[in-house]
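Below is one structure, written out as structure tokens; comments come after it.
The values are calculated or read from the model by the stated rules, or taken from the named source; none is laboratory data. Here the structure is a predicted model, which means the values were calculated and not measured. Cβ placement follows ideal geometry from the backbone for every residue including glycine, while neighbour counts extend to all protein chains displayed.
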Amino acid sequence: MMLALPNPCHFEALRPLRKPAGQDAAYQATLCAIVGDILHEPAKNARRIAQRAVYEAQRSYAVWQTLHKASPAQALALAETMQLGHLDEIVEYLQQVNRGVVITTLHAGDYLLALLKLRHRLAADRQIYILRKKGPSTLETQVFQHFGSLTHPVNVIRHTDGRALEVVRALRAGHVVVALFDLPGTYGQTMEVEFLARAMQLVSGPATLATLGQADVLPLVCHASRQHRLGRFLAPIGAAQLHAPKDTTAQRNRIGQQLCHIGSAHISHYPEQWQHWFHVPQMLLQTSAAANPDHPQIATRG
């Protein structure tokens, strides 16, 4: 059952939000307010979590920069520093399953390195599709080259490409799609879910593609410590077997909610690792606007 919606005016002071180039004081204060309200943490703890979350976002970007400049051998060596739980079992499952698979995670820890390590364990003939909103860049091109092979380069699908049917067909043909789920409505169509013990609107893309593509969903969660890069794969969600094909909306909702339960549990254990705290106001306000059409939706810059 969904929890009661928060007062939409409560978060009005938090908009608009965007990631700063550095640790801006006002931005830190805003994140602190979000964390404190969602996690019911005292100001001191919320400030520590917010500061660490900004650091994690910057550290994650540094990993992108490192991969951008790395040779294939260097990129693989960096990916091998990830300690991934259940990796052997997941590789065996991916090599045997005939269905497509949607691999999904949230923006936490070294998820990019975890995905790269998994990619190098898979058979080269399995095509990889990565869903992105951002336009192409030299940084992205160089990084994603490490995910492809000479015969099967990675397929980057933009939200604006109008190629959703191509992705669905790829899943039905047994290929792999990578799509993250901890995103607000500026990244695609949303669905209402319980996330971090609140009713929020998060993108429905991973769940929708798995449902339409008759594919499994493979969740991944990651976090980093001072000494280690850690991650683990959870048991695949068998989208193709869960429900009757005609019940696609209910199936999509169940998959989406399962992912949000996984994400909420991970964030509750490692709140300082989640890099998308700044999206929470928009996730909440979209839900409030849907429940209260007369209340004007507060714009959030992406």
From the residues in the stretch 123-142 that are more than 21 Å from Gly205 (Cβ to Cβ) and hydrophobic (A, V, I, L, M, F, W, C), which one is surrounded by the most Cβ atoms within 10 Å (Cβ to Cβ)?
-> Leu139
Tell me, yes or no, whether the stretch 199-215 has at least one residue that is out of contact with any helix residue (DSSP H, G or I) (no Cβ under 7 Å at 6 or more places or on another chain) and assigned to a loop (DSSP other than H, G, I, E, B).
-> no
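The rows are residues; the columns are (1) outside any helix (DSSP H, G or I); (2) surrounded by 13 or more Cβ atoms within 10 Å (Cβ to Cβ); (3) in contact with a helix residue (DSSP H, G or I) (Cβ under 8 Å, 6 or more places away or on another chain); (4) among the hydrophobic types (A, V, I, L, M, F, W, C).
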{"position": "Lys44", "(1), (2), (3), (4)": "no, no, no, no"}
{"position": "Arg47", "(1), (2), (3), (4)": "no, yes, yes, no"}
{"position": "Arg52", "(1), (2), (3), (4)": "no, yes, yes, no"}
{"position": "Glu56", "(1), (2), (3), (4)": "no, yes, yes, no"}
{"position": "Trp64", "(1), (2), (3), (4)": "no, yes, yes, yes"}
{"position": "Ala73", "(1), (2), (3), (4)": "no, no, no, yes"}
Counted residues, the stretch 51-101 - those being touching a residue at least 60 places away in the same chain (Cβ under 8 Å), more than 20 Å from Cys222 (Cβ to Cβ) and hydrophobic (A, V, I, L, M, F, W, C) | 1
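Okay, residues lined up against (1) at pLDDT 95 or above; (2) touching a strand residue (DSSP E or B) at 6+ places or on another chain (Cβ under 8 Å); (3) within 30 Å of Arg47 (Cα to Cα); (4) crowded, with 19+ Cβ neighbours inside 10 Å:
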site	(1), (2), (3), (4)
Gly188	no, yes, no, no
Gln251	no, no, no, yes
Arg254	no, no, no, no
Leu259	yes, yes, yes, yes
Ser268	yes, no, yes, no
Asp294	no, no, no, no
Within the stretch 109-152, the count of residues that are free of Cβ contacts under 8 Å to residues at least 12 places away in the same chain and small (Gly, Ala, Ser) comes to 1
